[in-house]
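Input: a single structure, listed below in structure tokens.
The values are calculated or read from the model by the stated rules, or taken from the named source; none is laboratory data. Model, not experiment: these values are computed from the prediction. Cβ atoms come from the backbone with ideal geometry, glycine included; neighbour counts cover every protein chain shown. Calculation scope for accessible area: heavy atoms of the full protein, side chains included, ligands and nucleic acids excluded. Shrake-Rupley method; radii C 1.70, N 1.55, O 1.52, S 1.80 Å.
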Amino acid sequence: MQQFKPAWRDGYYRAQVEAVRNLKSDMVEVILTPEKAWPSHIAGQHIALTIEVNGRLTTRVFTVACGSSFHRETKNIRLITKVNNEGAITPFLSSVTPSTWVNISVPKGSFTLPNTDKPVLMVAGGSGITPFIAMLEDAIENKLIHRAPIHLLYFAKPNEHVLQSELLALQKRTNNFTFALLTRQKDGDVEAHLSHFADAHWLVCGPNTIYEQVQKVAKLVEAPLDSEHFAALPTVNIGSLSEKETFSLAHNGQHLAVNNQKSLLSQLQEAKQPVTYGCGMGICHQCQCVKKRGVVRDTRTGELSDSAEQLIQLCVSQAVTDLEIQL
Amino acid sequence: MNTGGLINTKELQEAPSQTDAELQKATTPSQSISKPDYAILEAQLDAIKSEVKGKIGAEDAAYIRRIILIQRICEWSGRILLMLGFLQPVLWVAGVLSLAAAKILDNMEIGHNVMHGQYDWMNDSFINSKRYEWDIACDGASWNRVHNYEHHTYTNIIGKDRDFGYGLLRLSNDFRWRIKNLWQFATYILLSVMFQWGVSYHEMAAERVFFGKKKNNRKNQVTHSELKKRFFSKGARQLVKDYVLFPLLAGPLFLWVLSGNLIANLLRNLWTSTIIFCGHFTGDVETFNAEDCKNETRGQWYYRQALGSSNIEGGNLFHVLTGHLSFQVEHHLFPDIPARRYREMAPKVQAVFKQHGMHYNTGSFWKQYTSVLKRIVRYSFP
């Protein structure tokens with residue numbers, strides 16, 4: 001099948017790379033043309049993108065950085081991401097050639113523009129701007145924005161705000177949208193800016209630090225809050241292996257506390273979970289399962305796994321972060 | 001299976017082709033060979049593995065995809081040619097050969113290696129040890145349990161690795177001689193002819209699902225009813241596909257296609273059986289007892305893998321058609337490294353063995369095969 005349809009995979013949608021552009025030094029924009037059967041997204045949702053990196057299918061989640069109206073009109077969607085040089089996928093994105101076939105998932109997530117008559121406050125940190133661009137595009141296109149004003153606080157490092165011209169263009173199209181480009185070094189903490197918006201519905205997207213600050217204030221002023229925040233890459237400290245640490249292991253809708261001292265297999269067995277197993281030394285692949293997220297350590301080599309979805313063998317894997325697996 | 005006298009048959013390493021008398025002599029637990037320094041052996045073999053692991057990537061992914069494409073082309077051209085036999089019988093012969101090649105590629109270079117997890121790193125849900133289902137009567141999951149787990153973990157440990165002799169053949173003095181061993185050469189020929197069914201039935205035979213005394217002390221992760229269900233459903237699927245469906249599709253050429261499929265399956269069975277016997281049952285291959293693998297270190301495990309298997313020398317096409325099981329020694333040392341990499345690993349492994357005074361068992365196809373036949377005949381007698 002794949003001979004006729006490159007990148008055809010059961011359970012995935014195909015998309016063809018239309019263009020790849022560098023926005024700023026470390027930001028890259030990818031335009032994709034999903035196949036016709038792809039169910040369009042709601043602005044703010046994300047997709048899992050799978051590309052082949054050195055023979056290995058690698059998957060990462062990206063917010064769709066355009067409204068669904070853009071998709072309807074151009075048949076394209078775009079993704080914007082920060083390039084993490086240590087990352088498994090982003091350093092390779094800028095070298096993906098147009099017309100390459102990749103896989104995308106159905107759009108997922110419920111971080112979308114709330115159906116409310118209240119004013120809306122958007123707080124973006126760094127590349128967390130992307131879902132807001134999508135929401136604003138659609139809100140203006142679908143005339144939703146006339147109901148109540150939207151204000152955007154966009155935090156980024158000095159001179160690293162992207163898509164400024166698009167924000168200006170959006171602002172020109174409606175009187176109800178305003179935005180402020182802020183840097184935390186110059187303009188102070190996120191909290192300082194929030195006090196004026198106590199009666200608004202808050203949306204926040206960005207690194208964990210920003211999210212925590214906004215959440216704290218939201219609780220105080222009882223503002224409704226929707227969020228999407230990324231804990232960047234889980235911080236992994238190999239030196240701490242001698243210290244016993246406990247993580248949460250989610251599998252088939254259940255949760256289990258696991259530590260970093262024993263293999264996942266032995267801890268699942270102790271918890272009487274149904275798990276097939278074999279040699280216990282990484283040879284036979286009987287206890288292999290899909291890790292949906294989190295990082296594990298290979299007990300044979302000390303190697304750390306990728307943080308996204310991949311196959312692992314339970315008998316030679318130890319938890320290094322919280323994990324989710326599919327048994 | 002009698003596992004009574006767990007005697008170790010370490011054989012003299014300096015004599016690659018032993019006479020029967022020599023084999024007989026070497027049946028007591030032997031201290032004849034100096035053991036290697038396991039820690040150094042482990043470090044050296046690990047180093048070979050990690051060096052190759054670092055190179056695995058796009059090239060290997062492209063290779064397995066290319067082999068799958070070639071296999072598909074062979075299969076479909078084979079099936080089409082079989083139907084053109086009435087035009088020119090030579091087309092039918094070409095069809096049989098092409099289909100047999102497809103089945104061999106599917107079983108050896110693709111199925112065996114993919115199901116070992118050699119390509120799991122690709123994250124491709126089709127080319128994956130858990131998902132791949134091969135064109136053979138044996139259910140993939142059953143094979144994974146018996147072969148990947150038992151055979152590769154407990155290689156040649158009498159009583160634990162049920163691949164040694166397949167419960168049918170007496171291939172060392174670890175087993176008591178019985179009258180049925182007198183005609184075990186005929187049993188061997190029959191096993192080779194029916195090899196896919198032997199492989200398919202292997203787990204059930206060992207579990208005594210249909211015949212014999214059930215062992216109570218065996219911990220099973222699969223119920224007998226599940227084993228039976230999988231055995232019959234996979235077997236039936238293969239029978240219907242090759243001997244009903246495709247022949248029926250050929251209409252009036254029913255018999256041409258039926259006999260073609262039969263011969264293609266037979267060729268595949270003979271080939272796979274022969275290659276596998278040459279990898280495991282040559283004269284110099286050693287057996288071990290359960291004591292040998294208690295608290296075994298990785299180095300000791302490597303040592304046991306090394307002496308429990310043998311290589312066959314040959315050309316490029318030969319290696320591909322054996323699924324690189326012609327590098328059985330490397331395969332047993334590194335079962336989940338993509339098999340095409342065994343070629344570059346072999347000289348390094350051989351050098352390490354040499355340094356430790358370990359016998360690197362290799363030879364031409366005919367040399368190894370003769371040695372297998374001799375072994376089967378030798379142990380036919382007490």
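So the values come out like this:
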quantity: Percent accessible area from carbon and sulfur atoms, chain B, protein chains only, probe 1.4 Å; calculated: 65
quantity: Sequence-distant residues sharing a close amide H with A:MET27 (under 5 Å, placed H); calculated: A:VAL83
quantity: Estimated FRET transfer efficiency when R0 is 41 angstrom, pair A:GLU212-B:ILE73 (beta carbons, to 0.05); calculated: 0.10
quantity: Residues of the protein assembly as shown: accessible area per residue with a 1.4 Å probe, Å²; calculated: 44
quantity: Per-selection Kirkwood Rh - the range A:111-256 (Cα, Å, 1 d.p.); calculated: 16.8
quantity: Alpha carbon convex hull of the range A:177-308, projected area averaged over orientations, nm²; calculated: 12.0
quantity: Rounded accessible area of B:SER380 (nearest 10 Å², 1.4 Å probe); calculated: 0
quantity: Fraction of antiparallel bridges per DSSP, the protein assembly as shown only, in percent to nearest 5; calculated: 65
quantity: Test item: A:312-319 mean partner chain Cβ contacts at 10 Å; calculated: 1
quantity: Rounded to whole Hz, the Karplus (6.51, -1.76, 1.60) HN-Hα couplings of the range B:336-352, x for glycine and proline; calculated: 10, 8, x, 4, 4, 6, 4, 4, 6, 7, 3, x, 5, 4, 4, 5, 5
quantity: Radius ratio Rg over Rh of the protein assembly as shown, counting only Cα atoms, Kirkwood formula for Rh; calculated: 1.06
quantity: Largest to smallest accessible area among A:GLU245, B:GLU291, B:GLU109, A:GLU222 [probe 1.4 Å]; calculated: A:GLU222, B:GLU291, A:GLU245, B:GLU109
quantity: Residue-by-residue Karplus 3J(HN,Hα) for the range A:310-322, coefficients 6.51, -1.76, 1.60, Hz, glycine and proline x; calculated: 6, 7, 9, 9, 4, 6, 10, 10, 10, 6, 10, 9, 4
quantity: Cα point-scatterer Debye curve for chain B, base-10 log of I(q)/I(0) at q = 0.06 Å⁻¹; calculated: -0.24
quantity: Accessible area of A:LYS292 in the full protein assembly, 1.4 Å probe (Å², nearest 10); calculated: 70
quantity: Backbone HN-Hα couplings from phi across the range B:198-203 [Karplus 6.51/-1.76/1.60, Hz, Gly and Pro as x]; calculated: x, 4, 5, 7, 3, 5
quantity: A:LYS219 versus A:VAL61: modelled label distance in nm, points set 7 Å from Cα along the beta carbon direction; calculated: 2.3
quantity: Most mobile listed residue (B:CYS293, B:CYS278, B:CYS138) in chain B, GNM with C-alpha springs under 10 Å; calculated: B:CYS293
quantity: Cα-based shape type of the range A:143-202, given that a ≥ b ≥ c are square roots of the gyration tensor eigenvalues and the cut on a/c is 1.5; calculated: oblate
quantity: Accessible surface, 1.4 Å probe, highest first, among residues B:LEU87, A:LEU220, B:LEU245, A:LEU49; calculated: A:LEU220, B:LEU87, B:LEU245, A:LEU49
quantity: The range A:96-135-the range B:334-381 distance, computed between alpha-carbon centres (Å); calculated: 58
quantity: Interface A:B - total buried accessible surface [probe 1.4 Å, Å², rounded to 100]; calculated: 2300
quantity: The range A:238-327: proportion of alpha-carbon pairs further apart than 22 angstrom, %; calculated: 15
quantity: Electrostatic dipole magnitude of the protein assembly as shown [Cβ: Lys, Arg +1; Asp, Glu -1; Cα centre; debye, to 20]; calculated: 1860
quantity: Exceeding the 22 Å Cα-Cα cut-off - candidates B:LYS103/B:LYS348; B:LYS130/B:LYS234; A:LYS262/B:LYS53; B:LYS49/B:LYS367; calculated: B:LYS103/B:LYS348; A:LYS262/B:LYS53; B:LYS49/B:LYS367
quantity: Free-standing Cys residues across chain A, given no other cysteine C-beta under 4.7 angstrom; calculated: A:CYS66, A:CYS205, A:CYS287, A:CYS289, A:CYS315
quantity: Prolate/oblate/rounded label for the range B:320-360 (Cα gyration tensor, a/c 1.5); calculated: prolate
quantity: Solvent-accessible area, 1.4 Å probe, carbon plus sulfur percent, for chain A; calculated: 50
quantity: Exercise: per-residue mean of other protein chain Cβ atoms within 10 Å, A:53-62; calculated: 4
quantity: Extension gain from A:THR178 to A:GLU35, taking 0.36 nm per residue of separation minus the Cα-Cα distance; calculated: 48.0 nm
quantity: Cα-based Rg / Dmax (Å) for the range B:255-382; calculated: 16.6, 58
quantity: Set of lysines near A:LYS216 by C-alpha distance (under 21 Å), chain-local residues within fewer than 8 positions excluded; calculated: A:LYS118
quantity: Kirkwood-type radius of the range B:295-344, with distances r between different C-alpha atoms, in Å; calculated: 11.3
quantity: Theoretical ellipticity at 222 nm over the protein assembly as shown - DSSP helices of four or more residues, -39500 (n - 2.57) apiece, nearest 500; calculated: -11000 deg cm²/dmol
quantity: 29 Å Cα-Cα reach of A:LYS36 towards lysines, excluding residues that sit fewer than 8 places from it in its own chain; calculated: A:LYS5, A:LYS75, A:LYS82, A:LYS108, A:LYS143, A:LYS292
quantity: Relative contact order (percent, whole number), chain B, Cα cutoff 8 Å, 6+ residue spacing; calculated: 26
quantity: Residues whose placed amide H lies under 5 Å from that of A:VAL53, excluding near-sequence neighbours; calculated: A:THR58
quantity: For residues of A:36-48, the mean tally of beta carbons on other chains within 10 Å; calculated: 0
quantity: The range A:1-135: Cα Rg divided by the 2.2 N^0.38 Å rule of thumb; calculated: 1.06
quantity: B:TRP301, B:TRP366, ranked by accessible area, largest first (probe 1.4 Å); calculated: B:TRP366, B:TRP301
quantity: Anchor B:LYS180: lysines whose Cα lies under 19 Å away (excluding residues fewer than 8 positions away in-chain); calculated: B:LYS213, B:LYS374
quantity: Rounded to the nearest 10 Å², the accessible area of B:TYR243 at probe 1.4 Å; calculated: 50
quantity: Amide proton proximity set for B:THR287, modelled H, under 5 Å, gap of 5+; calculated: B:THR9
